[in-house]
Each structure stands twice: as structure tokens, then as C-alpha cells.
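The values are calculated or read from the model by the stated rules, or taken from the named source; none is laboratory data. Note that the coordinates shown come from a computational prediction; the quantities given were computed from them, not determined experimentally. Cβ placement follows ideal geometry from the backbone for every residue including glycine, while neighbour counts extend to all protein chains displayed. Calculation scope for accessible area: heavy atoms of the full protein, side chains included, ligands and nucleic acids excluded. Shrake-Rupley method; radii C 1.70, N 1.55, O 1.52, S 1.80 Å.
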Amino acid sequence: MNEVQLFSTCLAEEFFPEVERASATILQRLGLKVRLLKSAFCCGQVAFNEGFRSEALDLARRFMAACDPAMPIIVPSGSCTSMIRIFYADLPFEDAELTAKAAAIRPQVYELSQFLVRVMKVKRLGARFEGAVAYHPSCHLMRELNAREEPMALLSGVEGIRLVEVRDREECCGFGGLFSVKFPHISGAMLSDKIDRIRQSGAQVVVSNDCGCLMQIGGGLSRAGADIKVRHLAEILAAR
Amino acid sequence: MAVSPKATDFFAASEAGAADHELQRKLESASARHLEHFAEVRDEFTPYENERATARAIKENALGRLDELIVELTEKLTDHDCKVFFAASADEAREYIVKLATQCGARHVVKGKSMTTEEIALNPALERAGIEVLETDLGEYIVQLRGEPPSHIITPAIHLSKEDIGELFHEKFRVSYTPEPEKLTAEARTRLRESFLRADFGITGVNFAIAETGTLVVVENEGNGRMSSTIPEVFVALMGIEKVIPKLSDLPHFLEILARTATGQKLTTYTNFLRGPRADGDLDGPREMHVVIIDNGRSAMLSDPVLRESLMCIRCGACLNVCPVYRHIGGHAYRSPYPGPIGSIVSPSLIGSSTAYLPFASTLCGACKDVCPVHIDIPRILLHLRWKETSSPAPPPWPHDAHRARAGARMFARLARYPRIIRFLGHIAAVLVKPFAENGWIGSMPPPFANWTKVRDFPAPRPGHPRPANSAGKSIRNGRS
Ligand code: SF4
């Protein structure tokens, strides 16, 4: 394999634009040619999760038209990867050709850390980052994609990093897409517990692999006036 | 579905729950205890993972031929002199039981724990008929004294501390206040004993119904299920159609996983096998035994290829214990006898349209799916129900701000088909809100993002303006955002 496709996702494009370059840098350093998937913007998860299936179908069609099923597609997000890799199977594509294309694309879609560890078999990327870092595992990454070890394995290989443990780190941060604005009181209560535990951990930086979690946790930290930053996993792994 | 005027209650109730830190503290420590006990017994006997897989396979098989199994069960029960009544709806089941109790001249009903009786709202109907109803499971007894519904399917009084219960007993029974669980239990026990001896009508739920032998299995820890089913002259067992399992040899697998996941025990203290009324020469048992088998939406669930899986549930309550939403709002907020993740997938079918929001009130974090002993894919079912609700002819009426957020998401999804347009709009939005950003975050946003900034700051959009490469480490050290 010498070429991969990179889909940076809508939230990353709008709110964390460095994710795309950082992800591309990591992949290029491994000798891969990176083709950016720019003719699609969103995988359709937001529509799918709200029950708007025809809108989700449209976006899925658009996404599939943009990619080449013969080449791995790297997505720096646990939840968008789950959407494509797992939930595209639940979309009622109306014709056999699209269904077949979805079946061909789904196994080619990899979340970044899983691709690095499972496919490229690397753990040390030559990255260097100084600071106390807490890793927040995003729910879909853990429980839909079953990537429980990969991000930590990669972070452990970063020089200068000091990894700190957040109590009950596997508990959801409360983002949940539109859940965060439909039920702000529940989402906020979950977030405030998460923020308390992060503050107790002594972390200077919270790292996650989903921009949704970064928006939620970052927003909570900023509201609480905590001097703790949020960073995407790719940024840390690309830092030198 | 007609929408009841109470539908939006969930929003108010969950808001109250989310603000109740004491409730959250109680739920957190109770679930932590649960999980700890579970971890201790997880692999005590047969490997847990094997039992899970076997139990699921048995349920899968049973759901595939439920009609046959129900016929077999009914025949066997009838052979043992049970009277079997098949209720299509909650109303039918409730009316049947109330009529039966009235005809028997029942005055004092004792009940073992049964969520299905909550589903059909049996207690208030019996009380309206002038019959006293007493819950005999300790947790149920406590919430009944408080005039509340249970807030958890296994531990009904999980929202109360021992101090709360001490105060309750002090107030209701005029005994001196004590928070000591042993003393409180002894007090309840003495009172319950008297009631059992007086009872003329008993009701319990059913955990498993074995078709092969016509045996109803009721598991419990206090002996109250045994007394409710054997002391009164007339006994009624109420069960959903999905409780049936094919063979007696299937049962051990379920007893194994239920005890471990529900209460972290190796085995529940009492496993009752109920087969029929007392026969000639028997020393105890009821004179009459009735079995009410209820559908109430279950066969419709069975015919839905995605929802069907939810009928495999053994009501162990483990998904409630791990659910961060449940733990932050408490069981009462759900406005359904079935709260938590399992409640969110079965309530719309079993309780009705007032619970139509529940499938949406989840982050889809999947903790429930991980813990479920029969591997029910709850997030997938939630997604399925969201789609069904959204495309139904009478979708639930959302509160204004939530409606706006949903409409915004739909609009975004439609525009996102045109990447160039949506990127252009993204750039415009970034320019518009830039003046309001401080260190990269915005404290207050207009609708549809106003709800976001109610509880946390909003990230300033900056499409096309990445932080400089290799600045990640440096910017942390310099304290910039
Ligand atoms: S859904 Fe699974 S975890 Fe939840 S109560 Fe049912 S069996 Fe237990």
C-alpha cells in the first residue's frame, strides 16, 4: 500500500482545522501518499442520529461517490468512522449498486489510531510533546470500534509526554451530538462531573480523537475558567 | 399514536433530576457498589462470557417460535390446574385481575416485585375497587410508603439513602429514628409478617416460564415472593409473552447471568418454582392459581426486525447502573416504570407516546450494550426508534428550542450535500462570530446554539485557519488556546 485517502470530517474542518494537516503529516511520514477527500463534507451522522434517514442517505451517497473503494480511507474520528464502517449497513440504499459500494467501502474505513497500530503496525511516530496529558477515550471509538488500546499505545510512544489518569475516564462526556442542545441540562450535568475529574487529574491537556468530545470538554473547561487545553490526538502525534 | 398532554413532562423532570446533586451522589455510589459486586462474582462458576452467549442463543431461538412455546406453556399450566388468561392489552390484564380479586372477595392483596404490574398500573385500580394492596419487596415497600413509583427495576428505592428511610419509618410508624439498615429491615419485616398472615390474594411477576414443564420461575432475595405466592388462597402470576423459555435445562444459564448482573450474587437467595395450586395432600400453596400472559405491544415489537431484540431482556438492571444519563437524572424522570437504557427502547411500545422522547435522550455512548448480559444492541435500537418516531405521522411535539435544534441539523444535512456552499457558509459564520470569541471560545451564542452556551462555551469556528504546524506543544507552554 502506498496511497490512502483522508477524510477530515465536518467538525474538524469548521472547528479544529489543524486536524487535517496533522493527520496528513503523520501518514506522510510513514511514506504514504495522502489524497484528501474534499468533495464530501459530512458522513451523515448528524442526520442519521436524529432519525432523518433520507438526509443521511443523501450524504452517504455523496461520501461514497467521493471515495475510491480500492484504497484505505482514514478518518480522524471514532464516531464518524463508526457511522461509515458500521451504521452505513443500516441505511436503506435503494439500489443494489450502492449497497454493493457501501459493502466495499465500509471495511476500508479506518479510524486514524486503529489504522496506525493495526494496519501500519507502528506505535512510535517520533513525536515529541511536553506536558501532562489526559486521554479521553471517545465512546464510539471504544465501544463501536473496540479501539481501547491503540490511542494509549501511540501516546505512550510520544517523547516528553506525561500521561495522567482521569477517574472513570471511560464515562461519556455528555456530548452526544444534538443531545447536547436538546437536553443541555443532562449533557451539562454529565460534563460537569467530567470537568471535575479532569481538574483533579492534574492534566494540562486533554486529548481525544473526536472533535465532538473536544468541543464539549473544551467548552466546559473554558466555562469553568480552567487553564487546561483540548487537543486532537493527531496534533499530539504530529508534534515535534 | 395520540400524544398525551404529559409528553413533555420528561423535560421538566429530567431537568429537576439533573440539578439534584444529592440524587446523583446516591446513584453513583449505588451503581459503583453494584459493579464492584458484579466484578467479584463475574467468573465465579462457569465462565461468564459462555453463559452470556448461551443465554442469548436460547432467547433468540425462543423468540423465533414464541407462539408454539406459549401454547405449550398454556397446556402444561392448564394440566396443573392453573387458569390461564391471555391479555392483549394492559387494560384487559388489569380488568381481569381486578375482577378476579373482587369476585374472590379479596380484601388484602400482597405483591411480590413485578414491573409488569407497574406497566399495567394495577395498584391504583385495585385500590379504587376498595382493596388494600401491599408491596412486600423491601424496596417496593419503602417507595409505596412514600407514595412514589419505583425508580429502578431491581432496586426500587435506589434514590433513597438509609437516612431517608430512617426518617420515613420514624414519620410513618412513629418509631424512634435510626439509619441502621438492620434495624430498619427488622421493623419492616415485623410489619410485613403480619400482613402476609392476613393476606387473601397474592400477585407476583415471573422471571422465566418454562414451556416444557409448565413451571413459572420467580427469583428474589427476601422470601416475600415465596410468601406472596403460597400463603394467600388465590394467587395470580403476571408475565409478558417474552418470558417463556423452552426447556428446564435452559434455566441454569439464566439464573447464572441474572444473579450476577442484577445484584452481583452467585445465586439469588430464593428461586421459586411455581407449577399450580395446592394438590390434595399438599401442606401449603394457594387454592387457585391464575396466570395472566400479556402481549400489550410485544408482538408488534417481535415483528419489527430491529426492535425484536429488546424482547430478549431479562430485566437485570445492569444497563441502568452503567448509564450516565440514568445516573444523572434518576429513574423517576423517565416517567415510565421502565427507566434507563432498556426503558428507552421498550417504553414507547409498552407504555405509549408519552415516552416518545426517551430514545432521543441518549448520547449513544454504548455503555449499556457493553454490560448487557444478553448483548442487546441498545444504541442501534435507539437509532431505529428515532427514525421511526421522526417519520411517524404524529411525531412527538418537541419543546421550542429542541425543535429548533433539530430543524437546524436537518437544514445542515441538506446543505452539506453541497460542500462548496456549506464551506462558504462556514467561513461566513466564522467571520460573524469572531468578535465575540475570547481565547478561542464564545460565551453566548444565538439560537439554535443558545442551548449550547447555557452550560459551556462554544468553540470559535476557524475553517481554513489551522494552528501553525508543530505549535501544539509550544502553545500549551505559552498558555495560549
Ligand atoms: S437490556 Fe440487558 S442490561 Fe438492560 S435490563 Fe435488559 S438484560 Fe439487563
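Assorted remarks:
- C-alpha long axis of helix B:9-18 to longest principal axis of chain B, angle in °: 80 degrees
- When only the Cβ of Lys, Arg, Asp and Glu is charged (+1, +1, -1, -1), the dipole of the stretch B:1-104 relative to its Cα centre reaches about 200 debye.
- The lysines within cross-link reach of B:Lys76, meaning a Cα-to-Cα straight distance under 18 Å and a gap of 8 or more places when in the same chain, are B:Lys243, B:Lys247.
- Counts of other chain beta carbons within 10 angstrom of each beta carbon in peptide B:424-437 average 1.
- Here the gap between B:Phe424 and B:Lys172, fully extended at 0.36 nm per residue and compared with their Cα-Cα distance, gives a gain of 84.1 nm.
- For B:Arg423, the shell of other residues with beta-carbons less than 12 Å away shows a net charge of 0, using +1 for Lys and Arg and -1 for Asp and Glu.
- Computed FRET value (nearest 0.05) for B:His21 with A:Arg162, which takes r as the C-beta separation and R₀ as 30 Å: 0.40
- Whole-Å distance, taken between Cα centres, linking the stretch B:303-371 and the stretch A:149-183: 25 Å
- Order of exposure, largest accessible area first, which applies to B:Thr263, B:Thr78, B:Thr117 with probe 1.4 Å: B:Thr78, B:Thr263, B:Thr117
- Residues in the stretch B:362-392 that, when all protein chains are in place, have 20 Å² or more less accessible area than the chain alone would give (probe 1.4 Å): B:Thr363, B:Leu364, B:Cys365, B:Lys369, B:Asp370, B:Arg380, B:Leu383, B:Arg386, B:Trp387, B:Thr390
- At a threshold of 40 Å², the residues of the stretch B:312-346 that become less accessible to a 1.4 Å probe in the full protein assembly than in their chain on its own are B:Pro324, B:His328.
- Using the 1.4 Å probe convention, the accessible area of the stretch A:3-117 works out to 31 Å² per residue with neighbouring protein chains retained.
- Estimated buried accessible area (total), pair B and A, 1.4 Å, Å² to nearest 100: 6400 Å²
- Accessible area of the protein assembly as shown belonging to carbon and sulfur atoms, whole % at 1.4 Å probe: 53 percent
- Within 10 Å of each Cβ in A:121-128, the average number of Cβ atoms from other chains: 1
- Förster-model FRET efficiency, 51 Å R0, A:Lys33 and B:Thr390, C-beta, rounded to 0.05: 0.80
- FRET efficiency, 1/(1 + (r/R0)^6) with R0 45 Å, evaluated for B:Glu44 and B:Arg198 via beta carbons: 0.65
- Ligands, DNA and RNA are left out, and with a 1.4 angstrom probe the accessible area of the stretch B:410-477 is 59 Å² per residue.
- The value of relative contact order for the stretch A:38-106, using C-alpha pairs under 8 Å at least six residues apart, is 33 percent.
- Above-threshold pairs, the threshold being 19 Å between Cα atoms, out of A:Lys38/A:Lys123; A:Lys194/B:Lys162; B:Lys59/B:Lys369: A:Lys38/A:Lys123; A:Lys194/B:Lys162
- Separation of the stretch B:41-66 from the stretch A:42-117 is 32 Å, based on Cα centroids.
- For the stretch A:124-238, the share of DSSP beta bridges that are antiparallel, to the nearest 5, is 0%.
- Residue by residue along A:8-17, Cβ atoms of other protein chains within 10 Å of the local Cβ number 5 on average.
- MRE, 222 nm, helices only [DSSP H, n ≥ 4, -39500 (n - 2.57), over chain B, to nearest 500]: -14500 deg cm²/dmol
- Judged by a Cβ-Cβ distance under 4.7 Å, the unpaired cysteines of chain B are B:Cys82, B:Cys104, B:Cys313, B:Cys316, B:Cys323, B:Cys372.
- Shape of chain B, Cα gyration tensor, a/c cut at 1.5: prolate
- For a label point 7 Å along the Cα-to-beta-carbon line of B:Ala279, residues of the stretch B:68-96 with backbone N under 17 Å: B:75-83
- Within the full protein context, the accessible area of B:Met301 is estimated at about 0 Å² for a probe radius of 1.4 Å.
- B:Glu222 accessible area, 1.4 Å probe, all protein chains in place, Å² to nearest 10: 80 Å²
- Anisotropy class of the protein assembly as shown from Cα gyration tensor, a/c 1.5 cut: prolate
- Most mobile of A:Gln108, A:Gln45, A:Gln200 in a GNM of chain A (Cα contacts under 10 Å): A:Gln200
- Evaluated at q = 0.18, 0.24 Å⁻¹: base-10 log I(q)/I(0), Debye formula over Cα of the stretch B:410-477: -0.85, -1.12
- Beta bridge orientation in the protein assembly as shown: antiparallel %, DSSP, nearest 5: 20 percent
- The candidates A:Lys101, B:Lys83, arranged from most to least accessible area with a 1.4 Å probe in the full protein assembly, appear as B:Lys83, A:Lys101.
- Delta accessible area of at least 40 Å² on complex formation, residues of the stretch A:220-238, 1.4 Å probe, chain isolated as reference: A:Ser222, A:Arg223, A:Lys229, A:Arg231
- Of all the options A:Val166, A:Val34, A:Val119, the one that moves most in a Gaussian network model of chain A with Cα springs shorter than 10 angstrom is A:Val119.
- Here B:Lys183 sits with roughly 110 square angstrom of accessible surface, probe radius 1.4 Å.
- Theoretical ellipticity at 222 nm over chain A - DSSP helices of four or more residues, -39500 (n - 2.57) apiece, nearest 500: -13000 deg cm²/dmol
- For the stretch B:1-152, a/c is not less than 1.5, where a ≥ b ≥ c are the root eigenvalues of the C-alpha gyration tensor, and a/b does not top b/c. That puts it in the oblate class.
- Relative contact order of the stretch A:124-238, defined on C-alpha pairs under 8 angstrom at six or more residues apart (%): 33 percent
- Antiparallel %, DSSP beta bridges [both residues in chain B], to 5: 30 percent
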